Every structure is written in C-alpha cells, then in structure tokens.
Amino acid sequence: MSENTNTQIVQDAYQKFGTGDIPGLLTLLSENIEWTVPEIENAPFAGTSEGVQAVAEFFKELSAAEDITRFEPLEFIAQNNRVVVLGVSAVTVRETGRTYETEWVHVFSVRDGKITEFAEYFDNAAATRAFQKTAAA
C-alpha cells in the first residue's frame, strides 16, 4: 500500500477515536495487532495489548481511567509501512482529579490495509504523578 493510503488509514483511526467510535476503530486493526503504551503506575491500561479484543479492553480501561480534555494529532510522517504521528494531549485522571499535559509520538505499522502495530511515547512520569493515589512526600 502507498504511504498516502497508510496515512489515511491512521487518520481514519484518529477520526473514529475522536468521535468515540471505538468499534469502527477496531475494524482498522489486524487480528494480531500489538498495541503498546508506556508503563504508568496505577493505570490499568498501560503495557502491551495483543489482539483486537485486548485493544478493545484497553480503550474501555482508558475511558474509565481518564477524561481526555485535549487530544490533537499535529503532524503525520509516513515512510514505507510506518506512519509516525506527533501530537499533544491534556488529561484528567478520574480517580485522583489530577491532570497532566504531554506531547506524544505514535508509531503505527500498516500492512494490507490494517494497522498491525501501535506504540506510544510520551511523558509517562507526568502521567504516573497524576495517577498517584496519595501526594508524593
């Protein structure tokens, strides 16, 4: 597939996420998707999810844990089967009421019209502070 087609698939995924169409987003994933986000202490959705059902659970846990007040993909960079997206987000952790803002990088692999891999990179130290159940000493 072309880089433009791969970029469009990733943009479609963001559009579906932004409108809350998680079932639609899941149709863009390969059956053996590997979905990875950094470890965040006390966050139930952190780590690697494998397979569409596990990614569906990731989104359920993410929604329950965080109120995303800003989520903005800013730039899409494609080469071969990879699409890299630069963006920003602001989040309030529901359990603690704490917020964090971060720039992020998402790296997608796309094969045969489906997203096969996703990896997210962001300031997980800020997220961990926001997920702390008690104030740091």
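The values are calculated or read from the model by the stated rules, or taken from the named source; none is laboratory data. Quick caveat: nothing in here was measured; it's all calculated off a predicted structure. Because the Cβ atoms are built from the backbone with ideal geometry, glycine has one as well, and the counts that use them run over all protein chains shown. In case anyone asks, the SASA skips ligands and DNA or RNA and just uses the protein heavy atoms, side chains included. Shrake-Rupley method; radii C 1.70, N 1.55, O 1.52, S 1.80 Å.
If you go through the range 15-34 and pick out every residue that is more than 24 Å from residue 124 (Cα to Cα), open to solvent by 20 Å² or more (accessible area, probe 1.4 Å) and hydrophobic (A, V, I, L, M, F, W, C), you end up with 2. Candidates are the residues of the range 52-70 that are open to solvent by 70 Å² or more (accessible area, probe 1.4 Å) and touching a strand residue (DSSP E or B) at 6+ places or on another chain (Cβ under 8 Å); the one that is nearest to residue 99 (Cα to Cα) is 69. In the range 24-51, the qualifying residues are those that are part of a loop (DSSP other than H, G, I, E, B) and of a type in the set (D, E, K, R), and the one that is modelled with the lowest pLDDT is 41. Contact map, the range 35-51: first residue open to solvent by 40 Å² or more (accessible area, probe 1.4 Å), second residue assigned to a loop (DSSP other than H, G, I, E, B), Cβ cut-off under 6 Å, separation 6 or more or different chains; pairs are 39/46. All conditions in (1) within 30 Å of residue 132 (Cβ to Cβ); (2) open to solvent by 60 Å² or more (accessible area, probe 1.4 Å); (3) at pLDDT below 95 hold for residue 103, with the sole exception of (3). One residue stands out in the range 126-137 among those that are open to solvent by 40 Å² or more (accessible area, probe 1.4 Å) and modelled with pLDDT of 90 or more: the one that is nearest to residue 94 (Cα to Cα), namely 132. Checking each residue in the range 1-31 for being more than 14 Å from residue 52 (Cα to Cα), without any contact (Cβ under 8 Å) to a residue 60 or more places away in the chain and not hydroxyl-bearing (Ser, Thr, Tyr) picks out 8, 12, 15, 16, 17, 18, 20, 21.
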